Amino acid sequence: MIRNLNKQISLALLLVTLIVAPDMTIFGHEDSVYVRAAHYVAGAPNVDVFVDGKVVLTDFAAASVSDYMELEAGEHKIAITPTGEGIEKAIIGPVDITLTAEHRYSLSAIGQTADDSLKSLLIDETAEMAGCDLSKSVFRIIINNISGLDAFSIFENGMYVEKNVKYGEYSAICAPVFFWDTGRAVVGDDLDNILFDFDSEEDGNGGFWEPFNIYFWGLMGKYPGNPGEDYDFGGGVNLSVAPDPVTFLEAFKDKKLTGDSKTYFEFKTLVAALKSAGVDKVLTQGGPYTIFAPVDAAFATIDKATLGKLMADPLMLADVLKYHVVAGKLSYNDLVAAGKIKTLQGGELMITASEDDGATFEVNGATVMNFPYIDLNGTTVWFIQDQVLMPAK
């Protein structure tokens, strides 16, 4: 999660509006594969994506990434056309691709319209992630599609995370989770030639990279120029691949991940409570769910006697925990549009829209980090920073 990058470049870089295919359960069939499309061609028209002669995405905008689409393993023909045009006017393809069963792929449109260099780039995400222990790591896929930029690097936490990613190519990195105070993207590996300055001040405010997450971006546009105008980030999609939300939250234990050196995203109390009350079993069955997850510091605001009584009463504890869970996959826009949502406990939560440029919003007055973690089945986890939600008695 890059907090300052969202603000300093533009909120749209990491919270870009997605044009998505229908939701599905990942790996629902043994012979299936899952492919998401990305449009990383700056200035290009909206497009339609064809698979084996049939439209699977329509009016797909530049800088967008789709949800995963389920296809059969084997050979397929892919074509990309301006929206509303037939395959005979394809600007990419038809291209033959081979997909391996039970693998996830990304298929990106890259190149430039100005020099007629448009092409597709197929990345086998599953193969790239082989050997990566995601319970302790983050996985980052970044494509360089900025014309005139021979290579770029990303420098965070005093180290190169990606280094010299060449134009037309991509980096796929398994990195240990970490907090970063300063960070930048640079031309080549020259730390003084800055493309994007994520955060240059050593002030304890920065961002962090979390376990079980896969990030996917494309750098797009032309260089030299101005960031956000001539070149930019596209995509910014993160996917949580933890087997269940409890395992995801448990993986934050002792990682000391923070965005401001004040709120640390650890969930030891919540995980213990979920297991004690048996609510962990609810969250690993069915779904998808929307979960508001209080950090340990939020539980620490409850006096010890009250918290001890709550933890010792499984029925009362389950009641409180289910008050943090809503049936269905709810985005920020869904939550704000609803205004009031019913929980598994039966009570309702009141949603207040962000008043700090999208960094946070409120649920029943509690501060929620406006960065969702969406898993393979659509379950969405939001982090509560400062209090535990208590249902009415």
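The values are calculated or read from the model by the stated rules, or taken from the named source; none is laboratory data. Because the structure is predicted, anything quoted here is derived from the model rather than measured. Glycine also receives a Cβ, built like all others from the backbone with ideal geometry; neighbour counts cover every protein chain displayed.
Things to note:
- Near pairs, Cβ below 9 angstrom, 6+ apart or cross-chain, from segment 349-378 (outside the structural domain of L330 (by TED's automatic domain parsing) and part of a strand (DSSP E or B)) to any residue that is modelled with pLDDT under 95 and surrounded by fewer than 19 Cβ atoms within 10 Å (Cβ to Cβ): none
- Taking (1) buried (at least 21 other Cβ atoms within 10 Å of the Cβ); (2) over 17 Å from Q387 (Cβ atoms) in turn, Y332 satisfies each apart from (1).
- Candidates F265, F208, F216 - the one that is under 20 Å from F139 (Cβ atoms), surrounded by 24 or more Cβ atoms within 10 Å (Cβ to Cβ) and either at pLDDT 95 or above or assigned by TED's automatic domain parsing to the domain that holds F152 (or both): F216
- Condition check for D319: of a type in the set (D, E, K, R), farther than 24 Å from D67 by Cα and at pLDDT below 95: no
- Filter result for the condition that a residue is over 28 Å from I351 (Cα atoms), surrounded by 16 or more Cβ atoms within 10 Å (Cβ to Cβ) and either in contact (Cβ under 8 Å) with a residue 24 or more places away in the chain or in contact with a helix residue (DSSP H, G or I) (Cβ under 8 Å, 6 or more places away or on another chain) (or both), over G234, G287, G228, G259: G234
- Options E88, E102; residue that is charged (D, E, K, R), farther than 30 Å from L257 by Cα and outside any loop (DSSP other than H, G, I, E, B): E88
- For segment 113-127, a tally of residues being of a type in the set (D, E) and closer than 16 Å to T98 by Cα returns 2.
- Entirely in segment 143-241, the strands (runs of 3 or more DSSP E) that have 1 or more residues that are over 30 Å from A130 (Cβ atoms): 183-187, 194-199, 213-222, 231-240
- Some residue of segment 112-119 being aliphatic (A, V, I, L, M) and under 23 Å from S171 (Cβ atoms): yes
- Selection from segment 116-135 of residues that are at pLDDT 95 or above and in a loop (DSSP other than H, G, I, E, B): S117, L118, M129, A130, G131, C132, D133, L134, S135
- Of all the numbered requirements in (1) aliphatic (A, V, I, L, M); (2) at pLDDT 95 or above; (3) surrounded by 15 or more Cβ atoms within 10 Å (Cβ to Cβ); (4) over 29 Å from L149 (Cα atoms), A101 misses one, and that requirement is (3).
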